[in-house]
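In what follows, a single structure is set out as structure tokens and then discussed.
Please treat every number below as a calculation from the coordinates, not as lab data. Since the structure is predicted, the reported quantities are computational estimates derived from the model, not experimental observations. Counting neighbours? That spans all protein chains shown, and the Cβs are built from the backbone with ideal geometry, glycine included.
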Amino acid sequence: MSLTVSFLVLLAGIVLLYFGANFLVKGSANIARIFGVKPLIIGLTIVAFGTSMPEFMVSIFGVLKDVSDISVGNIIGSNVANIGLILGISGLIAPIALKYHHIRQQLLILLFGSLFFCLMAFDGISRWEGFLFLGIIIVYVIYLVRSSREEEVKSELPKTDNSIVRNIIYTLGGIVGLVFASRAIIEGATVIAAHFGISDMVIGMTIVAIGTSLPELAASVMAVIKKESDISIGNVIGSNMFNMFFVGGGAATIKGLPINVSIYTFEVPFMLLFSLILFPFIFLSKGIKRGHALILLLLYILFIVISYIWR
């Protein structure tokens with residue numbers, strides 16, 4: 001595969017990934033509505049899993065194709081992008097107003113969840129650890145369902161469509177699109193990485209991570225535009241938890257997920273820094289102001305630049 005074709009395949013995969021995730025969420029959420037599932041449950045399960053499916057599918061294909069560095073890079077890179085890129089852009093569009101005591105528990109869960117993930121993953125994620133991670137995400141979803149209010153998630157749901165046939169087509173089409181998109185991204189990314197002498201890890205943490213974070217970016221920006229800032233940051237925190245324990249755990253259950261310990265010198269500390277930096281922003285300023293958003297975005301750009309220089 002030539003370099004030009006690889007770039008086109010990668011770009012097509014990212015575009016297909018975005019639409020595949022949207023179709024999957026739209027179809028499956030409406031099918032759940034038709035069968036009488038509460039909006040709260042739909043928003044915290046189907047929508048949450050659906051927006052994490054790009055990272056999940058790419059990581060699965062990374063493991064199957066024996067390029068686990070792309071899988072690991074995608075997880076860590078997406079978590080960094082969710083805070084630095086997504087909250088950075090969202091906060092620049094409009095300040096994100098929050099009350100610290102409303103979001104404190106979520107921030108603590110994200111911080112301790114990130115620390116636990118990093119400790120468990122130090123020598124790779126074994127199959128049994130993968131199943132443990134999946135158990136953790138199930139417990140996390142139960143916690144969300146019990147602690148959330150119905151009105152908090154209604155605006156996250158796609159527009160109602162009561163056609164069962166149309167929604168089945170959306171759902172199946174979304175799944176097929178994600179499968180083909182993930183394969184295209186892995187194929188294109190590995191060729192590009194090999195051509196430029198860039199490691200699979202860096203490609204996973206940058207190009208692939210940004211591509212798989214597009215659904216979260218779109219959802220967060222729309223939430224800020226609609227002045228529903230709680231949804232914006234809640235989406236980021238939930239997505240990061242799903243990336244670590246659903247994506248990482250799911251990929252590891254196949255045959256384990258080896259991890260290059262060198263990422264603990266820069267990439268992992270950076271991910272933890274982003275999880276920690278939200279505390280003073282929200283505690284001192286009751287939200288993320290444009291100045292904070294600019295800092296997050298500049299730190300993310302610094303992360304990208306150092307990633308390419310470092311590796």
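Here is how the numbers come out for the structure above:
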quantity	calculated
Extension gain, I309 back to R127 (0.36 nm per residue minus Cα-Cα distance, nm)	62.2 nm
Which of S68, S114 has the fewest Cβ neighbours within 10 Å, and the rest in rising order	S114, S68
Convex hull projection area averaged over all views, segment 228-279, Cα basis, nm²	4.3
Calculated FRET efficiency for the pair K286/D66, C-beta based, R₀ 51 Å, to 0.05	0.60
Computed over segment 163-274, Kirkwood Rh from alpha-carbon pairs, angstrom	16.6
Average silhouette area of segment 221-311, convex hull of alpha-carbon atoms, in square nanometres	7.3
Semi-axis lengths (Å, descending) of the ellipsoid that matches the C-alpha gyration tensor of segment 3-310	27, 24, 19
Fewest-first ranking of H195, H292, using other Cβ atoms within 10 Å as the exposure measure	H195, H292
Using a Förster distance of 25 Å, the FRET efficiency for F116-S147 (Cβ separation, nearest 0.05)	0.80
Kyte-Doolittle mean at least 0.0, axial Cα span of 24 Å or more - DSSP H helices of the chain	3-34, 47-64, 100-120, 127-147, 164-196, 267-285, 290-310
Pairs of alpha carbons in segment 1-76 whose separation is greater than 18 Å (percent)	54
